[in-house]
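Asker: Encoded as structure tokens, here's the structure I'll be asking about.
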Amino acid sequence: MRVPVVQHRSRRRRALRRRALWTGGEFLVTAGVVLLLLVVHQLWWTNREARRGAEHQVQALERQWATSAPTVTSTPGASGSPSANTRTTGGSSRRTTTTEATGTDPRPSQAYAILTIPRLHLRVPIAEGVSKKNVLNKGYVGHYPGTQQPGQAGNFALAGHRNTHGEPFRYLPRLRLKDTVQVETSAATYTYTVDKILPQTSAADSGVIRPVPRSIVKAAYGYSGPGYYVTLTTCTPEFTSKYRMVVWGTLTSTRPR
């Protein structure tokens with residue numbers, strides 16, 4: 001009976017194959033764990049940290065406003081027009097303060113107002129600018145530079161994340177016509193009523209944040225004349241930044257603090 005002879009070269013090749021398979025398996029497992037941790041970080045940790053920071057900022061603004069009374073200056077208008085701190089639209093009189101009418105703009109990345117959307121159970125800070133690092137990734141809503149401030153004639157335009165980093169606008173598609181959007185400042189609370197919704201447009205559709213907002217991609221969406229508007233924008237569909245969703249509202253009441 002002949003005993004089979006196993007050559008050392010064959011055994012080395014098998015050992016190398018086993019080692020390569022083991023190493024490849026370890027690499028795949030490690031890569032999977034790293035990817036899982038990245039997903040957890042993006043979908044859970046960034047939301048947790050951003051929401052906590054945003055809540056603290058809301059509380060800080062409320063404390064600041066409680067200890068400093070706004071200055072309201074009434075200037076008589078010419079020829080019987082409303083005073084400088086009164087605005088009338090659609091037959092209703094709305095008062096606004098000198099802070100919004102003639103005050104200086106907030107500094108870049110400064111949180112200076114609070115956005116409340118009752119239907120979404122949302123209450124978050126509004127900061128100047130739309131920087132990801134300094135504003136949006138903190139869970140804040142950002143004010144587009146160059147657009148109007150709360151209560152001013154024109155378009156007060158805002159942006160917010162739909163996913164990760166607090167995702168304040170994740171449920172923006174749940175808004176319906178006649179829902180309210182409130183903006184609180186040190187001087188007043190402005191209530192806007194949702195009256196137009198653009199489900200999807202190009203990310204480069206700059207018309208939606210113009211003083212008289214109207215889409216330049218889908219011209220049927222928007223307004224045809226001057227007014228007091230708010231614009232809320234976010235990415236769509238979820239987990240992408242390819243398109244933008246837009247919600248518009250018109251100022252319907254102003255309540256001084």
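Asker: Restricting attention to the stretch 238-257, which residues are more than 15 Å from the chain's Cα centre (by Cα) and either buried (at least 24 other Cβ atoms within 10 Å of the Cβ) or within 21 Å of K196 (Cβ to Cβ) (or both)?
Answerer: Going through the stretch 238-257, the residues more than 15 Å from the chain's Cα centre (by Cα) turn out to be 242, 249-257.
Of everything in the stretch 238-257, those that are more than 15 Å from the chain's Cα centre (by Cα) and either buried (at least 24 other Cβ atoms within 10 Å of the Cβ) or within 21 Å of K196 (Cβ to Cβ) (or both) turn out to be G249, T250, L251, T252, S253, T254.
Asker: Same structure again: Tell me, which strands (runs of 3 or more DSSP E) wholly within the stretch 171-242 include 1 or more residues that are of a type in the set (D, E, K, R), touching a residue at least 24 places away in the same chain (Cβ under 8 Å) and in contact with a strand residue (DSSP E or B) (Cβ under 9 Å, 6 or more places away or on another chain)?
Answerer: Values: elements: 180-184, 188-202, 228-236.
So the answer is 180-184, 188-202.
Asker: Shifting gears a bit: Which of the numbered conditions does T180 fail, given that it passes all the others? Conditions: (1) surrounded by fewer than 19 Cβ atoms within 10 Å (Cβ to Cβ); (2) out of contact with any Ser or Thr (no Cβ under 6 Å at 6 or more places or on another chain).
Answerer: Condition (2) is where T180 drops out.
Asker: What is the one condition in (1) of a type in the set (A, V, I, L, M); (2) at pLDDT 85 or above; (3) more than 18 Å from G166 (Cα to Cα) that A113 does not satisfy?
Answerer: Of (1) of a type in the set (A, V, I, L, M); (2) at pLDDT 85 or above; (3) more than 18 Å from G166 (Cα to Cα), only one is false for A113: (3).
Asker: Which members of the stretch 146-165 meet the condition of being on the phi > 0 side of the Ramachandran plot and either at pLDDT below 95 or assigned to a strand (DSSP E or B) (or both)?
Answerer: G154, T164, H165
Asker: Looking at the stretch 107-145, which of its residues are part of a loop (DSSP other than H, G, I, E, B) and touching a residue at least 40 places away in the same chain (Cβ under 8 Å)? Spell out the reasoning first.
Answerer: Within the stretch 107-145, the first condition is being part of a loop (DSSP other than H, G, I, E, B), and the residues that meet it are 107-110, 121, 129-135, 139-140, 144-145.
Those that are part of a loop (DSSP other than H, G, I, E, B) and touching a residue at least 40 places away in the same chain (Cβ under 8 Å): G139, Y140, Y144.
The values are calculated or read from the model by the stated rules, or taken from the named source; none is laboratory data. Note that the coordinates shown come from a computational prediction; the quantities given were computed from them, not determined experimentally. Don't worry about glycine lacking a Cβ; one is built from the backbone with ideal geometry, like all the others, and counts go over all protein chains shown.
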